[in-house]
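Just so it is clear, none of the values below were taken in a lab; they were calculated from the coordinates. Treat the numbers as computed from the prediction; the structure is a model and nothing was measured. Neighbour counts are summed over all protein chains in view; Cβ atoms, including those assigned to glycine, are modelled from backbone coordinates with ideal geometry.
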Amino acid sequence: MFEPSEHRPTEAIVDLNAIQHNVRLMLDQLTPEQKLYATVKANAYGHGAVPVAKAALEAGAKGLLVATVDEAIELRTNGLSQVPILVLGLTDPLGIAELLHYNITITVSDSDFFRLAYQQLEATNQLSLLDLYHLKFHLALDTGMGRIGLRTVAEVEQFIEDVSAFKWVEWEGAFTHFATAGGGPQDYIEYQFEQWQQLIAVVPDTVPLKHFANTAMGMWHPYEPKSDIIRFGIGMYGIDPLDRPLAELPEFERQLQPALQLISEIIYTKKVPKGHSISYGATYTTTTDEWIATVPIGYADGWLRRYSVIEVLVGGVACPIVGTINMDQMMIRLPEALPIGTPVTLIGKDGHLENHASELAQKVDTISYEIFCGISNRVPRIYLKD
Ligand SMILES: *Cc1c(COP(=O)(O)O)cnc(C)c1O
């Protein structure tokens, strides 16, 4: 992993006010019984897990969602010692002592986890930990995602029987995940919800948290009974799960505020005469005398080679990237001579222009999630908060 490069003008500016605005906007849609959990996996989709988690909790989130145990420990060791943290992926039973110690809630896909975890505690003379701590878990149910979780009523019934043997576990939740809520055939949502109802009917009433809603399911699909938890992810970062063009956004999505701006500066400019090539592969040749500027960002920062179709914003003007994007630098064409130090906006607003992540995602044939997660650790994150 890179350390952030502080001695370079390339930065991701994360507006925590926007995160809080988006959390409150979603909370307004929920009933008082429903809880919002902030999805901060993958370093909060590249926005920075600890600051985003703290901002979301302040705005009313009741729990945090991560993908791995390491992500959970990062939060626990940075001041988030009490809040529920659920690991959405599967974890290794050999790590049971750490899970107990850090009070991490896990997702299980079968009861083997408990058997293996118990054996591990036994083998390492740590069974006494179970006098102090209980292991909280949520059961994953696969209703059509085909990823993790039990698939049939028979499997769930068997699980219920098996889990009763483990007195040191606390069955806190059961959940599923929808494959097409954020795009794809919409009748598949109906199908998955039917599967969900069948499976969840078998889960004991003593399990308090039954949840199925990510951002898209939380915003658009008012299925009953409602999801006890909204696992709020992309919407918290201010982005429509479908990356629709801004002009086509419905009222609610239009109110989301994008939290992340990716900015840099011109570090060098020159007038290049007609007929000269720019960058690796000499794929671009000037067609007239052109002002070319160098910007210190490249694919090692997550600004990928295929992003060269994107125009960046300089002084309120959209400027094309010329030639291939390098590892650490790229070149752009300016409308006129501009001084070194002129700001360059890659993601975000500049005057009346905006490089919205959804729009960029459409342009480079991906989803905004991937653009955000790709911004590498070399790019310092700067936080704004009132
Ligand atoms: C990542 C994730 C979410 C959040 O999804 P968004 O579309 O970003 O809201 C919710 N649930 C699960 C299981 C996830 O893996």
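Could you check which residue among ASN78, ASN125, ASN326 shows the biggest mean-square fluctuation in a GNM of the chain with a 10 Å Cα cutoff?
ASN125
Going through the cross-link list LYS274/LYS349; LYS41/LYS210; LYS35/LYS226; LYS35/LYS136; LYS41/LYS136; LYS349/LYS385, which pairs have a Cα-Cα distance over 22 Å in this structure? If you can, show how the numbers build up before the last one.
Numbers: LYS274/LYS349 32 Å; LYS41/LYS210 20 Å; LYS35/LYS226 11 Å; LYS35/LYS136 17 Å; LYS41/LYS136 19 Å; LYS349/LYS385 18 Å.
Violating the 22 Å limit, Cα to Cα: LYS274/LYS349.
Under Stokes-Einstein, with the Kirkwood radius over Cα pairs standing in for Rh, what whole-number D in µm²/s applies to segment 187-328 at 4 °C and 1.567 mPa s? Don't jump to the answer; show the numbers that get you there.
On the way: Rh = 19.6 Å.
It diffuses with D of about 66 µm²/s by this estimate.
Note down the magnitude of the dipole of segment 239-386 about its Cα centre, charges +1 on Lys and Arg C-beta and -1 on Asp and Glu C-beta and zero elsewhere, to the nearest 20 debye. Working shown, then result.
Values: 13 positive and 18 negative charges, 104 e Å.
Using only the charged Cβ atoms, the result is roughly 500 debye.
Mind listing the phi-derived Karplus ³J(HN,Hα) values for segment 20-30, rounded to whole Hz, using 6.51, -1.76 and 1.60 with θ = phi - 60°, and x for any glycine or proline?
Once θ is set to phi - 60°, the couplings for segment 20-30 become 5, 4, 5, 4, 5, 4, 5, 4, 4, 7, 9 Hz.
Taking every alpha carbon pair in segment 260-355, what does the distance histogram look like in 10 angstrom bins from 0, in percent?
Reading the bins upward from 0: 17, 53, 27, 2.
Can you tally the net charge around SER368? Count Lys and Arg as +1, Asp and Glu as -1, for every other residue whose Cβ sits under 13 Å from the Cβ of SER368. List each step's numbers first, then the result.
Working: positive: ARG244, LYS363; negative: ASP240, ASP243, GLU253, GLU359, ASP365, GLU370.
The answer is -4.
With contacts defined as alpha carbon pairs under 8 Å and 6 or more residues apart, what's the relative contact order of segment 260-355 in percent? Could the numbers behind the result be given before it?
Details: 241 pairs, mean separation 33.8, N = 96.
Normalised by residue count, the contact order of segment 260-355 is 35 percent.
How far is helix 49-58 tilted off the main Cα axis of the chain, in degrees rounded to 10, range 0 to 90?
The two axes meet at around 70 degrees.
Expressed as a rounded percentage, what relative contact order does segment 1-126 have, with Cα pairs under 8 Å and six or more residues apart? Don't skip to the end; give the middle numbers.
Numbers: 150 pairs, mean separation 22.7, N = 126.
Averaging sequence separation for qualifying contacts and normalising by length gives 18 percent for segment 1-126.
What residue among GLN261, PRO241, VAL344 has its Cα farthest toward the positive end of the dipole of the chain, where the charges are +1 on Lys, Arg and -1 on Asp, Glu, each on the Cβ?
Value: VAL344.
Rounded to the nearest 20 Debye, what is the dipole magnitude of the chain about its Cα centre when Lys and Arg each give +1 and Asp and Glu each give -1 at the C-beta? Intermediate values should be presented prior to the final figure.
Numbers: 28 positive and 47 negative charges, 206 e Å.
Using only the charged Cβ atoms, the result is roughly 980 debye.
Mind pulling the angle between the C-alpha long axis of helix 187-200 and the longest principal axis of the chain? Nearest 10 degrees, somewhere in 0 to 90.
Compared with the principal axis, the helix lies near 30 degrees.
Through the Karplus equation 6.51 cos²θ - 1.76 cosθ + 1.60, θ set to phi - 60°, convert the phi angles of segment 249-255 into ³J(HN,Hα) values in whole Hz; use x for Gly and Pro.
6, x, 3, 5, 5, 5, 7
With a sphere of radius 13 Å drawn around the Cβ of PRO225, what net charge do the other residues whose Cβ falls strictly inside it have (Lys, Arg +1; Asp, Glu -1)? Walk me through the numbers before you get to the answer.
Working: positive: LYS210, LYS226; negative: GLU33, ASP205, GLU224, ASP228.
Every neighbour counted, the sum reads -2.
Farthest toward the dipole's positive end in segment 16-248, which of GLY218, LEU121, LEU94, given Cβ charges of +1 (Lys, Arg) and -1 (Asp, Glu) about the Cα centre?
Checked the options; the winner is GLY218.
With no solvent and one point per C-alpha, what does the Debye sum give as log10 I(q)/I(0) for segment 233-292 at q = 0.13, 0.14, 0.19, 0.30 Å⁻¹?
-0.64, -0.66, -0.70, -1.27
Pick out, from LEU304, LEU334, THR283, the residue whose Cα sits farthest towards the positive end of the charge dipole of segment 260-355, with +1 on the Cβ of Lys and Arg and -1 on the Cβ of Asp and Glu.
THR283
At a threshold of 8 angstrom on Cα-Cα distance, excluding pairs fewer than six apart, so keeping six or more, what relative contact order does the chain reach in percent? Before the final figure, lay out each step's value.
On the way: 790 pairs, mean separation 75.4, N = 386.
So the answer I get is 20 percent.
Lys and Arg at +1, Asp and Glu at -1: add these up for the other residues within a Cβ distance under 14 Å of GLY238 and post the number.
-2
Calculate one ³J(HN,Hα) per residue across segment 343-350 by plugging θ = phi - 60° into the Karplus curve 6.51 cos²θ - 1.76 cosθ + 1.60, and present them in order as whole Hz with x for glycine and proline.
3J(HN,Hα) across segment 343-350, in whole Hz: x, 10, 9, 8, 10, x, 9, 9.
Over the alpha-carbon set of the chain, work out the extent along each principal axis and list the three values in angstrom, largest first.
78, 47, 41
Using DSSP, restrict attention to beta bridges with both residues in the chain and report what percent are antiparallel, rounded to the nearest 5.
Numbers: 31 of 61 bridges.
Percentage antiparallel, nearest 5: 50.
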